[in-house]
Amino acid sequence: MERTMINGCQTNIYLLARERRGTVSKYQILVRILDGIRSEAAGTKWESLYAVNSEIEEDVEQARARAYIHLYLKVMFGLSSFADREQFVTDGSYDGGIDGYYIDRDTRQIHLIQSKFRRTAENFTQKKIDPEEILSMDVDRITAGNETNEAGVAYNGKIKGLIRSIAQLPDAARYSYRVAIIANCELPAPQVRRLTGGYSATVFDYQKTYRDLLFPVVSGTYFRASDIVINIDMENKSAGARTSYSVSTTEFECEITVLFLPTIEIAKIIEKYRNTLLEHNPRSYLELEGQQVNRSIRSTIMRSDSNEFALLNNGLMILSDETNINERVGQHNKAQLRVLNPQIINGGQTAYTLGRIMQENPDQADEIFRGKEVLAKIITLTPKSADKDSSTERSRLIREISEATNRQTPIIGADRISNDPKYLRLQGILFEKYGIFYERKRGEFSDGVAAGYISAKDVLERNLFLRLSLAAIGQLTAARQRKIFQNEAVNLDSLTDETSMDKFYQAFKFFNWLAPSNPNSSKRYREVLTQCYMFVEMTKEEPSFIRRCQTTLGLWEELRELIAIHRPKYFDRVFTRGGKSTEAFAIEKWMVSRDFERDVREFVSTRSLSHLGGKTP
């Protein structure tokens, strides 16, 4: 009787079939975003300025530097239109050291921008701005209304436009000035302030740029909604009709307002505010997972011959701190709905699909959305006591409403805790330290993937994080559990200390090198998780990453051979094609046994199985 091994050697299969995927760098993503901004100039009078079709490296780099100012204006002030941003970009000859500006009439602040984009990743993180460049900002002369520099040379037209805009402010004396330096700067804050003429200055170094400009764009959270106005068409009298109802809880007075809103208005606010409107929703936009629901929403809204959308769609539930409807807006058959700090806690897939349709069809939007409305239930939460901290009760109430109303697309256990502060903190650590996009909430990076800034493989699925983290510290049984987020024994705090996080990152790099196609299948990838543990603990002295990976695969085969030799109870009788009986080592049988984790741990620590009498071959 012969003995053989079931799945005896898969090393060659892995080596041949794996897709070696490297984690894209933050700088590469930044360049993709800037190139995306450049592409927005196509077909406009600024097309050559942004080198849209140019292959001349110098022109492209200059265009990226200009797009870098666009990125700041887009994220910090919510200017989604290229043309709206371009009017505030002053970079060029005779710009008085000011590359861009923005006048915020809501906060009464005038922002002046000095920006330095670097051509390489190394320079972007290391090269500092020259203090002389900060000193060259003619802030005092320009804000005082001078149209020429000290040498008598006239400023460019954009700077003169800034001067005129300031002069036309009816309450200019109430405005304050703020300087943004988008560059690495090693000078202390007081010295920077002196260089800018005493004005308050904020430095966006490479770390702050990645954290506060890049990440919000990829996650669709770059401009927060605070006070938004939705236009209502009263020509259809039923659209203007509304119902109100009051509900009292222990700490809140809740006013519920129900009315129909134009779908084009919802599309507009989603296009501008994106995932910031879904912060209390257990999910972001489910690009793939929710495609059946989202495809149905899209199909219904795209029908030009009917308004069945209002009949077939469940509508939106919006949370608000304050809600007002004004029917006296100086326009016939028009009204306005104002909501303060809005959050869509149900209907996020509907709202985001509308936003995507507008984004994809900007010229046909009016025709597509004409006459189509969506039901909205707006809940206004007003604390009964202004002196009492009701944030905990507010969070509980929002969570219960959200869970009770989100039924169209199933909520899984991990969705319910996606907004927990500890997962927000974990997401920040993984991005800032390792450049990893941890998907805390399903679909939250769909904007970045759809725009091509990152690919789906650059997103770390939350279950995979737990599996790799547990595997990296040798908890292999826990790492392969099916519903890993529901395991109360998993302590996230123990996995986020510096040592554990570094081990996770090593396992993550190896996992990406090996690149299985289905990382969330705990059964199929028991081998891979075990190999991650071996990689972290057994190859740390090897300086070459590739050599470490190859050594790990060899060690795995060595362990399997030891088990096959000394564990006869894991052999099963099988028959060959010719009907011949043989015994084969069933590796899956061993990997689901109680012996498995103990065997692996001993091999990792001693490279032997002494309790079986095993020796290194």
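The values are calculated or read from the model by the stated rules, or taken from the named source; none is laboratory data. Please read all numbers here as calculations on a predicted model, not as lab measurements. Using ideal geometry, Cβ is built from the backbone for each residue, glycine included, and neighbour counts are taken over all protein chains shown. Each accessible area value is taken on the protein alone, full model and side chains, heavy atoms only, with ligands, DNA and RNA left out. Shrake-Rupley method; radii C 1.70, N 1.55, O 1.52, S 1.80 Å.
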message: In whole percent, and with a 1.4 Å probe on the protein chains, what portion of the accessible area of the chain is carbon and sulfur?
response: 46
- prompt: Gap in Å between the Cα centre of segment 451-493 and the Cα centre of segment 48-65?
  reply: 41
Considering only the chain, percent of DSSP beta bridges that pair antiparallel, nearest 5: 65
- line: For the chain, whose charge dipole is built from +1 on Lys and Arg Cβ atoms and -1 on Asp and Glu Cβ atoms, the candidate among Q336, V203, A121 with its Cα farthest towards the positive end is A121
Volume in Å³ per residue [convex hull over Cα atoms, computed for the chain]: 225
Fully extended contour minus Cα-Cα distance, from T582 to E432, at 0.36 nm per residue: 48.6 nm
Label zone at N307, where the point sits 7 Å out along the Cα-to-Cβ direction: segment 356-371 residues whose backbone N lies under 17 Å: 366-371
field: Value at 222 nm in deg cm²/dmol, rounded to 500, when DSSP H runs of n ≥ 4 in the chain each add -39,500 (n - 2.57)
entry: -12000 deg cm²/dmol
query: Which FRET efficiency value, to the nearest 0.05, do you get for A151 and T202 by plugging their Cβ-Cβ distance into 1/(1 + (r/R0)^6) with R0 = 30 Å?
result: 0.55
message: Which one, G348, A65, L261, projects farthest toward the positive side of the charge dipole computed for the chain from Cβ point charges (K/R +1, D/E -1)?
response: G348
query: Accessible area per residue of the chain at 1.4 Å probe, in Å²?
result: 48
- prompt: In nm, what is the difference between 0.36 nm times the number of residues separating Q109 and S81 and their Cα-Cα distance?
  reply: 8.0 nm
- prompt: For E55 and A451, what does the FRET efficiency come to when R0 = 30 Å and r is the distance between their Cβ atoms, rounded to the nearest 0.05?
  reply: 0.85
- prompt: Roughly speaking, what % of Cα-Cα pairs in segment 141-211 are separated by over 19 Å, rounded to a whole number?
  reply: 51
- prompt: Points 7 angstrom from Cα along the Cβ direction at N361 and D212: gap in nanometres?
  reply: 3.9
- request: Can you tell me the order of 564-571, 373-380 when each peptide is scored by its average per-residue count of other Cβ atoms within 10 angstrom, highest first?
  value: 373-380, 564-571
task: Note down the magnitude of the dipole of the chain about its Cα centre, charges +1 on Lys and Arg C-beta and -1 on Asp and Glu C-beta and zero elsewhere, to the nearest 20 debye.
output: 1940
- request: Take segment 23-137, compute every pairwise Cα distance, and split them into 5 Å bins from 0; I just need the percent in each bin.
  value: 2, 11, 20, 23, 21, 15, 6, 2, 0
